[in-house]
């Protein structure tokens, strides 16, 4: 059931340039509408410094009328302000809690057992940020699975869950993944399960800047937010996988955000009979579906509870995405999304549909018994193969990089050297210098590489010698 802040006000600010008689300060406003008591404002202070703040609508009106006396307000020393948009309220994508006691079935349905077991000994860690109500990091089931996060509601470093939603989401991720997948709790939703876009955006950027590989957002709300969309775009530009819940209004995702965002992975909810849940939003942005009805997971106080919602479906997908990243750390977010859409059980009309997306995620759907059989779209070669000799990986590679491959003798016309470069499993066009009479060949892409993207360079020398080198481009 959707809840609203008790202090909600509707915003209708007419297009105008207002001048305060008392202060002489210009205020630019635009017409806004939404259910919130705050607006996102760009302001210029007395030193000419611009910044963006979330401001109470009441304070904006006081400022416009020259009545603002609160010296702690960011508006107090402002010389000019521009209202950018409402600071919309987002709400957890959760149905009412249920007392039904059923065995946990979601992780079995998405087929993670073999992949999870095969990755226990994998090197490194993958971090999933839960942008939510926080997490009860003292829960015994989550012991050893939590990394430092942040609370943007109270603005401190203690993201304890005083609701229950974020802890439930974290428990699904923990159950779905091995111990080397860690959870970063980011609290942006309050004890009512509601939060402002400004805090959500801060949470996303914090998670990305502090090492998150996957971001899970199990909430939704009406109203498109450019401010929130910019934060999501920042995460995507840093090769971070963003997974969001479709929402629980039995409506079209086009009317909700971030579920209407085409560039993220949007998840609808299914029940034990593989039916799309009656409450689940559906629409053109649905990518995949996952279990979201009567899912048993952790809640604060060391307890477990059965909950339903697209909130529960999204973390099943986030967990699998984390394992795909753990199995191959250099995988791009696009490559992970392609695998998520490949390993599904197709339900509903054949192929993609607006209810299930590509289908119900099931990492065992193609007969996956261990990690070595999980393949991406790389032509003629598995993701990890003993047939290939791995060359050192490279990061922050320039977008115009030329690769020089050196040999220990002069090459002749009898030498057969084949070089290929792949992005997300697709071979990209390259130019290779003639090899005869030289000890090296130079490889260049016909077009600039994409920024913050993973690539794979393959060298085939004769029939037996096979090499691979992975690299990730930088920002420019």
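The values are calculated or read from the model by the stated rules, or taken from the named source; none is laboratory data. Model, not experiment: these values are computed from the prediction. As a convention, Cβ positions derive from the backbone with ideal geometry for all residues, glycine included, and neighbour counts pool all protein chains shown.
May I ask you to list the residues in segment 417-451 that are without any contact (Cβ under 8 Å) to a residue 12 or more places away in the chain and closer than 15 Å to residue 403 by Cβ? Within segment 417-451, just 433 meets the criteria. Only one of (1) surrounded by fewer than 24 Cβ atoms within 10 Å (Cβ to Cβ); (2) in contact (Cβ under 8 Å) with a residue 40 or more places away in the chain; (3) in contact with a helix residue (DSSP H, G or I) (Cβ under 6 Å, 6 or more places away or on another chain) is not met by residue 145, so which one is it? The number of the failed condition is (2). Restricting the search to strands (runs of 3 or more DSSP E) fully inside segment 54-153 and requiring at least 1 residues that are outside the structural domain of residue 217 (by TED's automatic domain parsing) and farther than 22 Å from residue 242 by Cα gives 78-86.
Just to be sure, is residue 30 at pLDDT below 80 and more than 30 Å from residue 294 (Cα to Cα)? When the stated conditions are applied, residue 30 passes them.
Out of segment 44-56, which residues are out of contact with any helix residue (DSSP H, G or I) (no Cβ under 7 Å at 6 or more places or on another chain) and surrounded by fewer than 21 Cβ atoms within 10 Å (Cβ to Cβ)? Of everything in segment 44-56, those that are out of contact with any helix residue (DSSP H, G or I) (no Cβ under 7 Å at 6 or more places or on another chain) and surrounded by fewer than 21 Cβ atoms within 10 Å (Cβ to Cβ) turn out to be 44, 45, 46, 47, 48, 49, 50, 51, 52, 53, 56. Just one of the listed residues (89, 120, 110) is surrounded by fewer than 12 Cβ atoms within 10 Å (Cβ to Cβ), closer than 30 Å to residue 316 by Cβ and either modelled with pLDDT of 85 or more or touching a helix residue (DSSP H, G or I) at 6+ places or on another chain (Cβ under 6 Å) (or both), and it is 120. Residues in segment 404-426 that are surrounded by 15 or more Cβ atoms within 10 Å (Cβ to Cβ) and either closer than 17 Å to residue 455 by Cα or within 28 Å of the chain's Cα centre (by Cα) (or both): 405, 419, 420, 421, 422, 423, 424, 425.
From the list 368, 374, the lone residue that is at pLDDT below 90, surrounded by 20 or more Cβ atoms within 10 Å (Cβ to Cβ) and closer than 21 Å to residue 120 by Cβ is 374.
A single entry from 442, 435, 430 fulfils the requirement of being at pLDDT below 80, touching a strand residue (DSSP E or B) at 6+ places or on another chain (Cβ under 6 Å) and more than 30 Å from residue 208 (Cβ to Cβ): 435. Against the numbered list (1) part of a loop (DSSP other than H, G, I, E, B); (2) under 11 Å from the mean Cα position of the chain (by Cα); (3) surrounded by 18 or more Cβ atoms within 10 Å (Cβ to Cβ), residue 215 comes up short only at (1). Report yes if some residue within segment 388-403 is at pLDDT below 80, surrounded by fewer than 15 Cβ atoms within 10 Å (Cβ to Cβ) and either outside the structural domain of residue 331 (by TED's automatic domain parsing) or part of a strand (DSSP E or B) (or both); otherwise report no. No, segment 388-403 has no match at all. Tell me, yes or no, whether segment 301-314 has at least one residue that is free of Cβ contacts under 8 Å to residues at least 40 places away in the same chain and more than 30 Å from residue 394 (Cβ to Cβ). The answer is yes, given that some residue of segment 301-314 is free of Cβ contacts under 8 Å to residues at least 40 places away in the same chain and more than 30 Å from residue 394 (Cβ to Cβ). Scanning segment 160-170 turns up no residue that is part of a strand (DSSP E or B) and assigned by TED's automatic domain parsing to the domain that holds residue 307. When segment 218-234 is limited to residues that are assigned to a helix (DSSP H, G or I) and in contact with a helix residue (DSSP H, G or I) (Cβ under 8 Å, 6 or more places away or on another chain), the one that is surrounded by the fewest Cβ atoms within 10 Å (Cβ to Cβ) turns out to be 230.
Within segment 335-345, the set of residues being farther than 16 Å from residue 285 by Cα and out of contact with any strand residue (DSSP E or B) (no Cβ under 8 Å at 6 or more places or on another chain) comprises 339, 342. Put simply, of 185, 159 the only residue that is over 21 Å from residue 322 (Cα atoms), touching a helix residue (DSSP H, G or I) at 6+ places or on another chain (Cβ under 9 Å) and crowded, with 23+ Cβ neighbours inside 10 Å is 159.
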